[in-house]
Amino acid sequence: MDDKKNILVIKLSKEHDESDKALKDRVTGKWKISPKRLDDVEFVVVLILQEVVATYRLGDEFKYNRSTGRVEDLELIEDDTYQKYIGQFVDYKTSNPATLSSESNLFAQ
């Protein structure tokens, strides 16, 4: 497993009864993270209550609001690289809803 922090982990507060599109819309949201920190990010993993519910490849485009320090409208591309982890629980305890992680840290067995 890779130790490079190339995964953006998005933690959503709770599961809603929603379609895949609605979930994806929530994930593109407004996240307090520096755009510079996203330079090396290749993938997005979405957690709800420590369960992996979706994975995407991060595209090249997003908006950055300098006054709020938030990125939004993340370009999310369907990708199956981490699809095998969907439905699995991970021990990833952080209060920040948008953080960077490595594959080895997030999916350590």
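Brief remarks follow.
- Residue ranges of strands (runs of 3 or more DSSP E) in the range 28-81 with at least 2 members out of contact with any Ser or Thr (no Cβ under 6 Å at 6 or more places or on another chain) and either small (Gly, Ala, Ser) or within 20 Å of ASN6 (Cβ to Cβ) (or both): 43-48, 51-58, 76-78
- Residue match in the range 9-16 (condition: closer than 17 Å to LEU100 by Cβ, in contact (Cβ under 8 Å) with a residue 60 or more places away in the chain and touching a Ser or Thr at 6+ places or on another chain (Cβ under 7 Å)): yes
- Residue that is nearest to TYR85 (Cα to Cα), among those in the range 47-57 that are more than 9 Å from the chain's Cα centre (by Cα) and surrounded by 12 or more Cβ atoms within 10 Å (Cβ to Cβ): VAL52
- Qualifying residue in the range 13-31 (condition: of a type in the set (Val, Ile, Thr) and farther than 15 Å from LEU106 by Cβ): yes
- Only one of the numbered conditions (1) over 10 Å from the mean Cα position of the chain (by Cα); (2) surrounded by 14 or more Cβ atoms within 10 Å (Cβ to Cβ); (3) of a type in the set (A, V, I, L, M) is not met by ILE77, and that is (2).
Computed from the coordinates by the stated procedures, all read-outs in this text should not be read as laboratory data. A quick note: this is a predicted structure, and the numbers were derived from the prediction, not measured. Here Cβ is always computed from backbone atoms with ideal geometry, including for glycine, and neighbour counts include all displayed protein chains.
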